[in-house]
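See below for the structure under consideration.
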């Protein structure tokens, strides 16, 4: 796994994967390479996708040297460079976006909204979800982006999370969103499908399930 993008998300994945293995009486075999969110995120925001892909590929190569047979990037935004990254890899990549697209189809959703970084929201999850993705107003995108970074850097407050919930209801009522994707992995630590108060898909949970399926096959 390429972690560190941000660190809290890496812990969330680690715990989820350990629990999935324990439930089947198995012991996890994983390697985690720590990338720097303060280097990776600016590359994504500047649309320097080739440079971001090379940066991530270096970490994946280091895990291959340790015996890794497949790779996963445990954050949403870095998947923006998947097309550039895949030709650089010597092992399969367990792609989050493909798994989320499958989950959307399985639920029969046609119109969704995104909570995540500006890069993720404005890209409509990189144009790969296969459904209509609502574009919030510019000030709403700014709020979603800044609120997400507050979670990443441990600056978030209950009031901010409540405002995110209010915005989700606005996107549902005003724009017809059928669900909101938690498309920022750290958001999974402060809200989930049980406590969000609106229909949602936890992208990290979907990705963890896909990784688990491959590891325990």
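The values are calculated or read from the model by the stated rules, or taken from the named source; none is laboratory data. In this text, all values refer to a predicted model and were calculated from it rather than measured experimentally. Cβ atoms come from the backbone with ideal geometry, glycine included; neighbour counts cover every protein chain shown.
Taking the range 128-165 as the range and being closer than 18 Å to residue 6 by Cα and either in a helix (DSSP H, G or I) or not assigned by TED's automatic domain parsing to the domain that holds residue 105 (or both) as the test, the residues that pass are 144, 145, 146, 147, 148, 149, 150, 151, 152. For the residues 181, 129, the requirement of being modelled with pLDDT of 95 or more, in contact with a helix residue (DSSP H, G or I) (Cβ under 7 Å, 6 or more places away or on another chain) and under 24 Å from residue 11 (Cβ atoms) singles out 181. Residue 49 fulfils the conditions (1) in contact with a strand residue (DSSP E or B) (Cβ under 9 Å, 6 or more places away or on another chain); (2) under 18 Å from residue 126 (Cβ atoms) except for a single criterion, (1). What helices (runs of 4 or more DSSP H) completely inside the range 1-83 contain at least 2 residues that are at pLDDT below 95 and buried (at least 19 other Cβ atoms within 10 Å of the Cβ)? Here the list reads 7-23, 37-45. When 64, 104, 73 are checked against the criterion of being in contact with a strand residue (DSSP E or B) (Cβ under 9 Å, 6 or more places away or on another chain) and not assigned by TED's automatic domain parsing to the domain that holds residue 17, a single residue qualifies: 104. Looking only at the range 67-118, residues that are at positive phi and without any contact (Cβ under 8 Å) to a residue 12 or more places away in the chain come to 1 in all. Against the definition (at pLDDT below 95 and either surrounded by 14 or more Cβ atoms within 10 Å (Cβ to Cβ) or over 19 Å from the mean Cα position of the chain (by Cα) (or both)), how does residue 160 come out, yes or no? Here the answer is yes, as residue 160 does meet what is asked. Scan the range 189-207 residue by residue and report those that are within 22 Å of residue 131 (Cα to Cα), outside any strand (DSSP E or B) and touching a helix residue (DSSP H, G or I) at 6+ places or on another chain (Cβ under 6 Å). Within the range 189-207, 198, 203, 204, 206, 207 qualify.
Within the range 176-193, residues that are in the same structural domain as residue 149 (by TED's automatic domain parsing) and at positive phi have Cβ atoms under 9 Å from residues that are surrounded by fewer than 24 Cβ atoms within 10 Å (Cβ to Cβ) and assigned to a loop (DSSP other than H, G, I, E, B) in these pairs: 176/134, counting only partners at least 6 apart in sequence or on another chain. For the range 1-18, the count of residues that are touching a helix residue (DSSP H, G or I) at 6+ places or on another chain (Cβ under 9 Å) and within 18 Å of residue 87 (Cβ to Cβ) is nonzero.
When the range 88-127 is filtered for residues that are farther than 19 Å from residue 40 by Cα and assigned to a helix (DSSP H, G or I), the ones remaining, listed by number, are 98, 99, 100, 101, 102, 103, 104, 105, 106, 127.
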